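Data block below; observations after.
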Amino acid sequence: MLLEIKNLHVEIDGKKILNGLDLAIEQGKVHAIMGPNGSGKSTLAYVLAGKEDYAVTEGDILFNGESVLDLDPDERAARGLFLAFQYPIEIPGVATMTFLRTALNAQRKARGEGELSTPDFLKRVREAAGKLEINQDMLRRAVNVGFSGGEKKRNEILQMAMLEPRLAVLDETDSGLDIDALKIVSEGVNRLRSPERAFIVITHYQRLLDYIVPDVVHVLSRGRIVKTGGKELALELEASGYAQYQSEAA
Amino acid sequence: MNVEIRQMRTAAEQALADAFARHKDRLAKPAAIGALREAAFARFEASGLPHRRVEEWKYTDLRALMREAVPLAAPPDTNERARAREAGRFIDEAGARRIVLVNGVFAPELSDLSDLDPGLTIGALADRLSRADGAVPGAPGALDEDTAVSLNTAFMGDGAVIAVAPGATIGRPLHIVSVVTAASPCAVFARSLVDIGNDAQMTLIESHEGPADLAYQVNSVLQLAAGDKARLDHVKVVREGGRALHIGTLMATAGADAALNTFVFTVGGAVVRNQLAIVLNGERTEAHVGGASLLRGSQHADNTLVVDHAVPHCTSREVFKSVVDGDARSVFQGKIVVRPNAQKTDGKMAAHALLLSESAEADAKPELEIFADDVVCGHGATAGALDGELLFYLKARGIPQKQAEALMIEAFVGEAVEGIANGAVREALMQTVSGWLAARG
Ligand SMILES: Nc1ncnc2c1ncn2[C@@H]1O[C@H](COP(=O)(O)OP(=O)(O)OP(=O)(O)O)[C@@H](O)[C@H]1O
Ligand SMILES: [Mg+2]
């Protein structure tokens, strides 16, 4: 199992948000997580990435069979965890190119690999950026500063493509994308699908799942997985909404 | 009613008075300069060292911070001159012409005075002061009563006198290297004069350094006059030793259609006060006044400035940044003055501090004093820790905490340094930032 979440309880500022969440993901699989606003989807994503504001009060997260609860976010990233943010952060004064290079080399260093040479790095960025239709000018600009909503999301996927994680969590990467951008981003994700790599795709819309076809779909409500099914579950939800799951979980 | 109650002299004030008396013979000649010094010292005697109840020195209580006055520096001997040879090399990439002041004394043998660009003249202030007609320009408005400037006038010994003829473009930057190499604590009072003619252009670097473990004191004044359509890029770098007291004053005036850019970068010194008085005397002139300070330990650095829009249609931008770690303290006091007739003034001032520890402190007092009605002026100040959300984003990409912090600090300072026109100077300053961050561990 690549990822195993067992009975996860999470609080922030004394408020319980995740209440005994269980989730297991095999490598090579794409899991979609859907659920009403405020049900805890982003919280799950942040806790996986290691955000300090959240307190894990019970349960465990195993990545490749090892608990990651005591690891810092950068250590988790070096082991292959990646989070595409629902709201990507602007970093004034740090050029996208510098950022990508610093991140990539930091991860390589943590794994005991050598730094990438400048030509190798540039070649990889240009290739990856080209496929996502991100132009060179954007790479020179400060990370996400002045980027449109869609550009920010594409930039997240660019980072994912460069960092080649084992598990990528995409938190509403489709929101704010126009139809063309949705295609570009989905293709970017699909290109990275491989037997070694898994994805958690958090979304509100069935449409994304037409492009990135999931192996498993979960419904998260009030901090727990309340229903798991195949890709047809997403279609059902599109028709019936979450009302039944919210009352069930209550 | 205005009642002045003078306290008893502090030890430092007494020592300054003794020094003025002891060096009277030398300081009194020639008569015109002697009279200037007398008047200046009398101003100092009347006010004493400034303390926190003096508004301009509110956050830098010199009476408390300057416990004692050390003896005036003696003329540098051969060894002291030899030790000055490597000073200011951190910025060598700029390829600047070096003008070296050792313990405040112009050292021609260490300076690069050969093949001067056409229109450029360089001399020693001591020569100017020794002439009966060797007038020194008076201080512009804001600082004519300032205690530090008065003390400098009373004791100034030497410095550089630089003139750029009208129409001359000096391609190679000039670098006034001020270095203290004395073996025992000493006080340096240096003054340099820079005159840039109409239509002339120059880049001027000014750096200050000295021994790491010596409690020396520097009171340095730079008087700049830029003519009509002149362009001056000035960068001052304070790299004084960890026990040094540095008070540096820039007094600048600019004519019409001029471009005046000045930047002060502070990374060294125990107590540093950079004061700037800039008067825009000609219309359509643009002034960019900036600074960055990197402070740690118990360093105290104060940037205090007054930008005086004396005429209409001028633009000024003031942006100061400080990074404060440990128990250090950064102070910013900035004032934009807009005179009654200075319509269409465009002035914006901002001070930003990044606090890296719980005990770090930043004080900011930006002010506008506007007497005209058709102007666009504004100011702002921020102080805070590194943004946790940003740090998390960087860490989530695999960048460890310290490196993420360094990246953000570099970006923060970099935004200020970016405004410096000379690429090699920018590069040297960012190298200094990297060095500072590396020492942070
Ligand atoms: N810092 C915080 N302090 C208090 N409550 C918080 C904090 N952060 C999140 N919450 C709460 O936790 C709950 C879950 O939020 P989360 O962002 O995980 O939801 P979500 O499922 O991602 O919602 P959406 O679909 O709107 O993105 C919400 O009720 C939210 O208000
Ligand atoms: Mg969310």
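Some values worked out for this structure:
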item	result
Built amide H within the under 5 Å cut-off of B:Ala362, gap 5+	B:Ser330
Modelled FRET efficiency - R0 60 Å, A:Arg207 with B:Ser357, Cβ distances, 0.05 increments	0.80
Relative counts (whole %) of C-alpha pair distances in segment B:7-122, using bins that are 5 Å wide	2, 9, 13, 14, 13, 14, 15, 12, 6, 1, 0
Dipole-positive endmost among B:Phe392, B:Pro366, B:Val338 within segment B:320-396 (Cβ charges, Cα centre)	B:Val338
16 Å Cα cut-off, lysine pairs counted over chain B (separation 8 or more, or different chains)	9
Highest-first arrangement of A:67-76, B:281-290, B:96-105, where packing means the average Cβ count within 10 Å	B:96-105, B:281-290, A:67-76
J(HN,Hα) series, segment A:179-196, from Karplus relation 6.51 cos²θ - 1.76 cosθ + 1.60, nearest Hz, glycine and proline x	4, 5, 5, 4, 5, 4, 5, 4, 4, x, 5, 4, 4, 8, 4, 7, x, 8
About the Cα centre, charge dipole magnitude for segment A:67-126 (Lys/Arg +1, Asp/Glu -1 at Cβ), debye	340 debye
Protein accessible surface hidden between B and A, which excludes ligands and nucleic acids, total in Å², probe 1.4 Å	1900 Å²
Estimated dipole of segment B:206-259 in Debye, rounded to 20 [Cβ of Lys and Arg +1, of Asp and Glu -1, Cα centre]	40 debye
Amide H contacts of B:Gly334 (H built 1.01 Å from N, under 5 Å, at least 5 apart or other chain)	B:Leu305, B:Lys365, B:Glu367
Per residue accessible area of the protein assembly as shown, 1.4 Å probe, in Å²	40 Å²
Peptide A:85-95 - average C-beta neighbours from other chains (10 Å radius)	5
Phi-based couplings in Hz for segment A:114-123 (Karplus 6.51, -1.76, 1.60; Gly and Pro marked x)	x, 5, 7, 5, 4, x, 4, 4, 4, 4
Average silhouette area of segment B:242-343, convex hull of alpha-carbon atoms, in square nanometres	5.7 nm²
B:Lys29/B:Asp92 FRET efficiency (R0 41 Å; Cβ-Cβ; nearest 0.05)	0.60
Cut-off 14 Å between beta-carbons: net charge of the residues surrounding A:Asp137, Lys and Arg +1, Asp and Glu -1	+2
Sequence-distant residues sharing a close amide H with B:Val289 (under 5 Å, placed H)	B:Thr262, B:Arg317, B:Glu318, B:Val319
Using a Förster distance of 25 Å, the FRET efficiency for B:Ala385-A:Asp72 (Cβ separation, nearest 0.05)	0.85
Percentage, to the nearest whole number, of Cα pairs in segment B:101-140 over 15 Å apart	57 percent
Only Lys, Arg (+1) and Asp, Glu (-1) charged, at Cβ; segment A:1-98 dipole about Cα centre in debye	380 debye
Cα gyration tensor shape for the protein assembly as shown, rounded if a/c is under 1.5, else prolate or oblate	prolate
Percent carbon-and-sulfur accessible area, segment B:11-282, ignoring ligands, DNA and RNA, probe 1.4 Å	52 percent
Ellipsoid equivalent to segment B:11-282 - semi-axes via the Cα gyration tensor, in Å	27, 21, 19
Alpha carbon convex hull of chain A, volume per residue in cubic angstrom	123 Å³
Cβ neighbours within 10 Å from other chains - mean over A:70-83	4
Helix A:149-163 vs. chain A, principal-axis angle (Cα, 0 to 90°, nearest 10)	80 degrees
Over segment B:386-441: Rg over Rh, Cα atoms, Kirkwood Rh	1.04
Over 20 Å [Cα-Cα, segment B:288-441], rounded percent	55 percent
Computed label-point distance, nm, for sites B:Glu68 and B:Ala421 using a 7 Å Cα→Cβ extension	4.6 nm
Neighbouring partner chain Cβ atoms per residue of B:398-410, average, 10 Å criterion	6
Order by protection proxy (mean Cβ within 10 Å, highest first), peptides B:214-224, B:183-193, B:118-128	B:214-224, B:183-193, B:118-128
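The values are calculated or read from the model by the stated rules, or taken from the named source; none is laboratory data. None of the values given here were measured: they were computed from a predicted structure. Positions of Cβ are generated from backbone atoms using ideal geometry, with glycine treated the same way; all protein chains shown enter the neighbour counts. Side chains are part of the model used for accessible areas, which takes the heavy atoms of the whole protein and leaves out ligands, DNA and RNA. Shrake-Rupley method; radii C 1.70, N 1.55, O 1.52, S 1.80 Å.
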